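Everything on this sheet refers to the single structure shown next.
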Amino acid sequence: MNKYYFTGSGFGTAMLAIALFTTPAGALLTSQTVMAQGEALLEEIIVTARKREENVLEIPESLTTFTGDMVESANINGLEDIGLLVPNLWMSRRLDGYPNVSVRGLGGFGNTQGVGFYLDDVQLFGDASSRFGNFERIEVLKGPQGILYGGANIGGAVKFVTRRPDPEAFSGRVKASGGEDNYYDGEIQLNIPLGNDWAATLYGFAMTDDSYLHNPNTPRLNGGVPNVDPDVGHTEKYGVRAAVAGNISEQISLYATLRYNEYDGPNNIWNRERDGNLTHSNIIDTSYNAAHERDTVAGSIELTYDFGNFDATYLTSYTDTDSYRETDLDIDQEFVLDLTRSWPVEVWTQELRFTSTDDSPLQWQAGAYYLDWKRHKSGELPVPYGFCFFLDPSCNPNPDDPLPYPRIDEDPPEDTVVVVVPFENLREKREQVAGFANFSYRMSNIEIGGGVRVDRWDFDATNHDSDSSGSQSNTEVLGRASVSMFFDDDRSMVYATFSQGFEPGSFNAFDLEGQNALFDIEPEEATQVEIGYKGRLLDDRVVLTLAGFYIDYEGRQFELQTKNPQTGTVLEGIFNIGDSEAWGLEGDMVVSMHENWTLSAGFGYVDSEWVGGTEFTTPTDYLSDLSGRRPPNTVKWSATAALDYDQQVSDDMRLFGRLQLRHKGEASTNAQLWDSPGDDFPFWTNPDFTVVDLGAGVEWNNWEFGIHVENLFDEDYYIDVQEFPNFAGSKLSGAPGYIIIGTLEQPRRVVGSVQYHF
């Protein structure tokens, strides 16, 4: 029996329909489809968005789910692929390892996320852009998730749910892929029964990619020629993950995991754009290739005790991530200004929750959570010898030389570091203790739900360079309520949901002149009201979801680069910009047109603006009223559509294919925080773009062969794009004090794959 999985949820991802070219096929939306006597029938999809197993169509909130088959068949290789497939979700992997993500305009780009990432209910704080594999599904929860997930989930949550070990039979698969730009990828997945209801899974992968970006090694102004790898985006990734599960006794079960991930690749390989007329060049002309080395060791233990009518689950996790990054801040072939950063992160979490498991009308959950998070942010600005001649030609040791740079054979060479300026030396510690409870109660065709979370957080930070420190804490009380009405034999429902979320406060790495306390970041808060519909129509041949929402967002946090008004020093920090409001719509539909053909489509719309005479609260030398403008990284219109084909040609052969379209409308940017329309530097936006993908494959016995063309029409586009200080200066670039930087996304690429199942 062939299965088709549809993406689904509150609205925006319906289009993810089914399979593509590797495993059984599959996109998941609100439901799952099977073929029975030539007719398409919808089956339920079970998710754990509320930390208990439920039918996705019965959860009163927007939720998009991708099955593991969909992840593979739609060639989802990174966070940006998920972001493009979900309307009202704007997300990129951000090459320094901290994803840029916003949902319905909630959340901010930079080193403040606002959207939580989870692997089997364990939050990811340092390597959300890693590769985990062996997915059972990916769940995207939209809107504030404060009750069950706490802080750092103000915009929503992205959950990676892996397949648990199965004691029934040994199984596995081996897959190899290859494509343009010397892209090679291999992975292996094993399920190993251990006897007595115990089993283990092993997953490993290795990937190398020269990428589509090119460093031309352009001669410098002094005639010197750089000698760096032309494949500026060359990336290598490795990882392994092991899990074991089984029953310790009739009532106690164990699930334990251990993983290691390593990333060796580019960091902030930005394209320079001099104005808002974006060229989307693939040339990265820098003095050296920015690099990032990151490795993570993490483990978790989950113990569940079955009390009969409810379960008690204890979950503990440990994560240790080391991250070292190098960035060419001037983004130029000259030696001007560079940055090195080391950000190790260590995290312990503990959670104890009790969950009802009977079939009574009352379903409930209660628990407690503890977080111990530590990070040491250390950074330096190495100033090379060439920086002197860039700033002041009079420092040239040869006054007869017409160029304000030393010759290559002069001593010291221009890349010699003459001084190292401390950039940051910040030790941070955050502790959270929370208690939460939620319930739902079904009365005939009406269900009511509610919940509360009391979350106490403490944040301490010390800058060891300036001997400045800061401490702040607060107790957040968050609520959630919902009411749902079911009809048509529970095949359809309408609902209304009220939810709240917050992002804890913290500190920047700097203080201001005359002060001995670090510049603080106040917590941000959001409240959302959502109404929606979910249902199966036309004899289960159609799945339809619709939702509308309103969001009140206070104290929004954004990462910015600005100047200290006392010293003129460029500062990078996270600042509370102001308050905003948003309202929007989402919709998904999946239609089984024929036993071999499925059509899916979805859209999203967000109307967001700053309110209340919003002003900067940053240490800039001016204030700007932003009222009425659309906050950065918000897309008004987004849409997706897909057409899937799947046919069993014979007992041992199956054909399948997928044509999908992903559209993002014009996006607002951080230019509004520095510019006004009509000034010397344009008030620019990120243009709209549409990406079309095509995949096809054949399954023959235990073998599968596939081909996938990503970005079929070679669309040029940025997701990670922003205004940035022009450290290279006008002498080198002819650009103003600020430039535009962006990470070019994947151009057209053809990838072939082969895998064997056993």
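Any read-out appearing in this document is the output of simple, stated calculations on the displayed coordinates, not a laboratory observation. Fair warning: this is a prediction, and the values are worked out from it, not measured in the lab. Backbone-built Cβ (ideal geometry, glycine too); neighbour counts: all protein chains shown.
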- Calc'd 3J(HN,Hα), region 628-635, phi into Karplus 6.51 cos²θ - 1.76 cosθ + 1.60 (θ = phi - 60°), Hz, glycine/Pro = x, comes to x, 7, 7, x, x, 6, 10, 10
- Item | Listed peptides 741-748, 573-580 by packing density, highest first (mean Cβ within 10 Å) | 573-580, 741-748
- Message: Using a 10 Å cut-off around each Cβ, can you sort Met653, Met207 from fewest to most neighbouring Cβ atoms?
- Response: Met653, Met207
- Task: Kindly list the residues of region 689-707 that lie in the label zone of Leu655, defined by a backbone N under 17 Å from the point 7 Å along the Cα-to-C-beta vector.
- Result: 695-701, 704-707
- Per-residue HN-Hα couplings for region 704-713, Karplus 6.51 cos²θ - 1.76 cosθ + 1.60 at θ = phi - 60°, whole Hz, x for Gly and Pro? 9, 10, x, 9, 9, 10, 8, 6, 3, 9
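Take peptides 162-170, 355-363, 596-604 and line them up by average Cβ neighbours within 10 Å, highest first, as a rough protection proxy.
596-604, 162-170, 355-363
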- Pairs to check: Lys142/Lys636; Lys51/Lys142; Lys142/Lys664; Lys51/Lys237; Lys51/Lys636. Give those whose C-alpha atoms are more than 22 Å from each other in this structure. Lys51/Lys237; Lys51/Lys636
- Task: Express in nm, to one decimal, how much length is gained between Val228 and Tyr305 on full extension, taking 0.36 nm for each residue of separation and deducting their alpha carbon distance.
- Result: 22.0 nm
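Starting from 0.36 nm per residue, how many nanometres of slack lie between Ile46 and Phe498 once their C-alpha separation is accounted for?
On the way: separation 452, 0.36 × 452 = 162.72 nm, distance 2.30 nm.
Full extension from Ile46 to Phe498 adds 160.4 nm.
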- Task: Quote to one decimal, in nm, the extra length available between Val421 and Val529 on full extension: 0.36 nm per residue of separation minus the C-alpha distance between them.
- Result: 34.1 nm
- Task: Could you pull out every one of the aspartates and glutamates with an alpha carbon less than 16 Å from that of Lys175, ignoring same-chain neighbours closer than 8 positions?
- Result: Asp69, Glu72, Asp185, Glu187, Glu699, Glu704
